[in-house]
Every structure is written in C-alpha cells, then in structure tokens.
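Here's the structure we're looking at; comments come further down.
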Amino acid sequence: MALVNENFLKLPGNYLFADIAKKVNAYKVSHPKQRVISLGIGDVTRPLCPAVIEAMHKAVEEMAHKETFRGYGPERGYDFLREAVAKNDFALRGIHIDPSEIFINDGAKSDTGNFQDILQRDNTIGVTDPIYPVYIDSNVMAGRAGELRNGSWSDITYMPCTQENNFIPQIPDHRVDMVYLCYPNNPTGTVLKKEELKMWVDYALKNDSLILYDAAYEAFIREEDVPHSIYEIRGAKKCAVEFHSYSKTAGFTGVRCGYTVVPKEVTTTTEDGKQRVALNQIWMRRQSTKFNGTSYISQRAAEAIYTKEGKRQTRETIDYYLENARIMREALTQLGFTVYGGVNAPYLWVKTPDNTPGWKFFDQLLFGASVVCTPGVGFGPSGEGYIRLTSFGEREDVEEAMQRISDCMKLGKCNK
C-alpha cells in the first residue's frame with residue numbers, strides 16, 4: 001500500500017490566494033454587473049518590454065532551424081545569462097559572484113521551496129512574521145514545522161515585525177539553523193538598512209546558521225542606504241543563499257525565469273559534525289537530478305534585460321508601479337489610514353480602521369467598494385489588523401480604486 005506524506009494533511013485547506021479567489025468569484029457571480037478591481041494578488045499588468053520581446057522572437061526563430069536549434073540546456077543555466085547576472089547584478093555593485101555560483105530557475109518561488117530538499121529535516125527554522133506563505137508551507141510539507149496551534153506552528157521561531165518595532169525583526173535569543181529573510185519585504189513593503197542586515201549576518205556566522213534570503217523585489221529599491229543583495233554585507237557569502245526573480249522586475253510572471261546564488265563558501269555540516277559540505281555542489285547534484293533547466297527562450301529574454309535598452313525599459317516599468325504605489329500611499333494617508341511600504345517595494349501594508357480583523361475588512365472593501373485586498377493575517381499572526389495592497393495594477397484602475405475606497409469610507413461601508 002502506498003502511503004501519503006501526512007505532512008500535507010497538516011496544511012490549511014487552501015493556499016491563501018486560492019481562498020481569496022474563491023471569495024472574489026462568489027462575489028462576481030452575485031454581482032455580475034459590478035467591475036472588480038484587484039489590488040490583492042501581486043501579478044503584473046504591464047506588457048513585456050520591447051527588448052525582451054525582440055530577444056524572444058529571435059530565440060524562437062533560432063529554434064525553428066536545425067543549425068541553431070537548442071535541446072536540453074545546462075542545469076545551471078546558459079553561460080550567457082549567468083555571466084550577465086554576475087556582471088550586472090553583482091560586479092557593478094562591487095560584489096564578486098562567480099557564474100558557477102548562479103543557478104537559473106523558473107522563478108524564485110520554486111527554489112525557495114525546493115532548496116530545503118538538500119537540508120536535514122531536523123533543522124530548526126526562524127521566520128519573520130508576517131511572511132510570504134511559501135516559506136512556511138513548504139517546510140510544513142517537509143515535516144519541519146510541527147503542529148499548527150492557534151495560528152502558529154509549534155516548531156517554528158516567529159520573529160514579529162510590527163508597528164512597535166518599526167517592522168525590524170528581532171534577532172532570536174537562541175540558535176536557529178535556517179532563517180528566512182525577504183527584503184524588500186513581502187508583504188509589508190518595508191526594508192532593512194545595511195547596519196540592520198549586518199546584524200543578521202553576524203548572528204548567522206556566530207551560530208553557524210544558514211540565511212535563505214529572498215531578494216525578489218530588489219529592483220524596486222530607490223533609497224541609497226538599502227542593500228540590493230545580502231552579499232553587500234561582509235561575511236554573507238559564508239552563510240547566505242540568495243534568491244532572485246524576473247517576475248516583478250521585468251513582468252516575467254508568465255515567462256518564468258529567475259536565479260539562485262549559492263556561494264561556494266556556504267557550507268553546512270553532517271549530522272555527526274565531522275564533515276563540512278559545500279551547498280553549491282549539493283544543490284548542483286539536486287538540480288541535475290530533478291530539474292532540466294529553464295527554457296532557452298526564457299533565458300534569452302532574461303539576458304535582454306541587461307542590455308542598455310533593456311535596463312532603461314524595465315526601469316520605466318518599475319517606475320510606473322512605484323508611481324502607482326505613491327498615488328495609493330498618499331490617497332490612503334489622506335483618508336486617515338496608517339500606511340507602510342510602497343517606497344522601495346511594490347507593496348503597501350495598511351492598518352485597518354479600529355483594528356478591524358483582516359478578513360472582515362477584506363469583505364468590507366469587496367462588498368463596499370468592489371476592491372480586492374489581501375488580509376494581513378494570511379501572512380502570519382502578526383499580520384492581523386492589516387491588509388496588503390499591490391501597486392501592479394493599471395494606473396486608471398489604481399486611481400479608481402482609491403476613489404471607490406474614499407467613497408466607501410465616507411458612506412461608512414468600509415469602517416463599520
């Protein structure tokens with residue numbers, strides 16, 4: 001008899017965004033004439049930039065001819081893209097990352113979940129709270145999270161990011177084997193300055209911990225003293241793996257491409273403590289067994305982001321979304337909301353009126369304004385009393401949504 005992995009049975013019934021979709025679809029059925037504006041799920045709306053489209057067309061044309069056809073690609077990714085990443089994302093910032101330390105993937109979500117394949121099940125975990133749900137859910141699947149009790153997992157160390165601590169997670173007072181950090185942060189849109197991130201690197205080096213650092217939104221950073229990579233901190237190459245994505249940087253949510261950096265200096269130990277193991281080598285072994293590589297067409301598309309025109313065009317798209325964030329932040333602030341984020345990130349973390357529970361305020365916005373948000377509690381216990389809004393909509397939708405929320409507040413439908 002085949003046995004199921006019972007850890008999957010511990011997970012809540014649906015993924016957060018599946019629950020949102022279910023509620024929104026039910027609303028649309030009962031209100032067929034009402035146009036819903038979604039500021040909840042972080043999917044992009046701007047088309048791929050011309051440089052990317054041109055590169056994809058060229059790659060497709062290559063695939064149409066025997067002389068230039070490509071079959072299976074290298075598991076690490078093609079040299080042309082890994083070298084472009086090493087030069088543009090790191091060398092230009094004074095960071096040396098060898099192309100052999102870069103692994104091209106089909107999006108950061110895959111590798112943030114898959115990377116734990118090469119880590120012992122008994123490792124302890126620390127997470128910021130609130131947090132991107134994939135980090136926790138994937139560890140639940142692996143059997144590391146323990147039991148769900150009153151909204152928290154028994155074997156996970158939660159590091160609350162709240163208004164009281166300016167959304168800067170407190171360093172644990174005990175050793176944690178694996179620490180998940182995401183900055184600019186999803187969902188709060190907040191950042192860590194270099195001196196704050198250095199504290200985490202120092203902690204990891206002192207405790208022989210591994211930092212799993214999600215930098216999916218680094219291209220949105222606009223302030224000078226905010227690090228784009230954890231490797232800007234001395235010593236981080238000995239204790240951190242970093243994940244990047246082109247999904248929000250260049251609108252690749254439907255194209256699928258990103259990369260993971262696994263420095264050769266990052267090591268972990270065997271259970272008996274007698275052997276240090278380089279994670280770069282182990283991750284390569286895992287990828288060559290379980291992954292056939294990202295498509296050639298997607299990798300050529302990603303390479304085009306690093307051309308002169310590609311950089312300019314993607315920057316224009318990111319600026320568009322950040323302008324959306326500015327419009328939202330100012331409008332909501334004028335309405336009396338307390339708003340965080342939206343400066344170095346595409347997300348706004350909004351305190352609900354009178355600490356209204358997140359799901360209740362979700363319903364108020366949906367039924368009172370036909371606007372979709374994401375309840376903060378879906379990202380963890382410390383998210384209660386907040387909602388997350390994304391700036392990835394079309395400008396006219398963003399402006400209309402702010403007007404709808406204003407009208408809803410004035411009519412008393414969104415603050416009961």
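What the table shows:
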item	result
Extreme residue, least open to solvent (accessible area, probe 1.4 Å), among residues of the range 369-384 that are within 21 Å of A26 (Cβ to Cβ) and in a helix (DSSP H, G or I)	A369
For I318: the one exception among (1) open to solvent by less than 10 Å² (accessible area, probe 1.4 Å); (2) within 16 Å of P187 (Cα to Cα); (3) in a helix (DSSP H, G or I)	(2)
Residue in the range 114-148 that is farthest from F8 (Cα to Cα), counting only those that are in a loop (DSSP other than H, G, I, E, B) and acidic (D, E)	D122
Some residue of the range 30-42 being in contact with a strand residue (DSSP E or B) (Cβ under 6 Å, 6 or more places away or on another chain), more than 25 Å from N105 (Cβ to Cβ) and open to solvent by 60 Å² or more (accessible area, probe 1.4 Å)	yes
Of all residues making up the range 295-325, the number that are among the polar types (S, T, N, Q) and touching a Lys or Arg at 6+ places or on another chain (Cβ under 7 Å)	3
Qualifying residues in the range 52-104 (those that are of a type outside the set (A, V, I, L, M) and touching a Ser or Thr at 6+ places or on another chain (Cβ under 6 Å)) - the one least open to solvent (accessible area, probe 1.4 Å)	F103
Test: residue in the range 146-168 that is under 22 Å from W283 (Cα atoms) and in contact (Cβ under 8 Å) with a residue 12 or more places away in the chain	no
Boolean, G258 is more than 29 Å from V60 (Cβ to Cβ) and crowded, with 20+ Cβ neighbours inside 10 Å	no
Residue match in the range 368-379 (condition: in contact (Cβ under 8 Å) with a residue 40 or more places away in the chain, of a type outside the set (A, V, I, L, M, F, W, C) and farther than 22 Å from Y180 by Cα)	yes
Residue that is more than 30 Å from R70 (Cβ to Cβ), surrounded by 14 or more Cβ atoms within 10 Å (Cβ to Cβ) and free of Cβ contacts under 8 Å to residues at least 60 places away in the same chain, where the choices are V277, V343, V339	V339
Candidate set: the range 133-184, residues that are farther than 25 Å from I387 by Cβ, β-branched (V, I, T) and more than 17 Å from the chain's Cα centre (by Cα); chosen: the one surrounded by the fewest Cβ atoms within 10 Å (Cβ to Cβ)	I171
I387 more than 26 Å from the chain's Cα centre (by Cα), buried (at least 20 other Cβ atoms within 10 Å of the Cβ) and in contact (Cβ under 8 Å) with a residue 24 or more places away in the chain	no
In the range 91-109, residue nearest to W349 (Cα to Cα) [restricted to those that are in a helix (DSSP H, G or I) and modelled with pLDDT of 95 or more]	R93
Condition check for F361: closer than 24 Å to R35 by Cβ, outside any helix (DSSP H, G or I), hydrophobic (A, V, I, L, M, F, W, C) and over 17 Å from the mean Cα position of the chain (by Cα)	no
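Matching residues to (1) under 20 Å from Q299 (Cα atoms); (2) more than 26 Å from the chain's Cα centre (by Cα):
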{"site": "E6", "(1), (2)": "no, yes"}
{"site": "L9", "(1), (2)": "no, no"}
{"site": "A18", "(1), (2)": "no, no"}
{"site": "V36", "(1), (2)": "no, no"}
{"site": "L48", "(1), (2)": "yes, no"}
{"site": "E54", "(1), (2)": "yes, yes"}
{"site": "V60", "(1), (2)": "yes, yes"}
{"site": "M63", "(1), (2)": "yes, yes"}
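The values are calculated or read from the model by the stated rules, or taken from the named source; none is laboratory data. Note that this is a predicted model, so its numbers are computed, not measured. We place every Cβ from the backbone using ideal geometry, glycine too, and count neighbours over all the protein chains shown. These area figures cover heavy atoms from the full protein model, side chains too; ligands, DNA and RNA do not enter into them. Shrake-Rupley method; radii C 1.70, N 1.55, O 1.52, S 1.80 Å.
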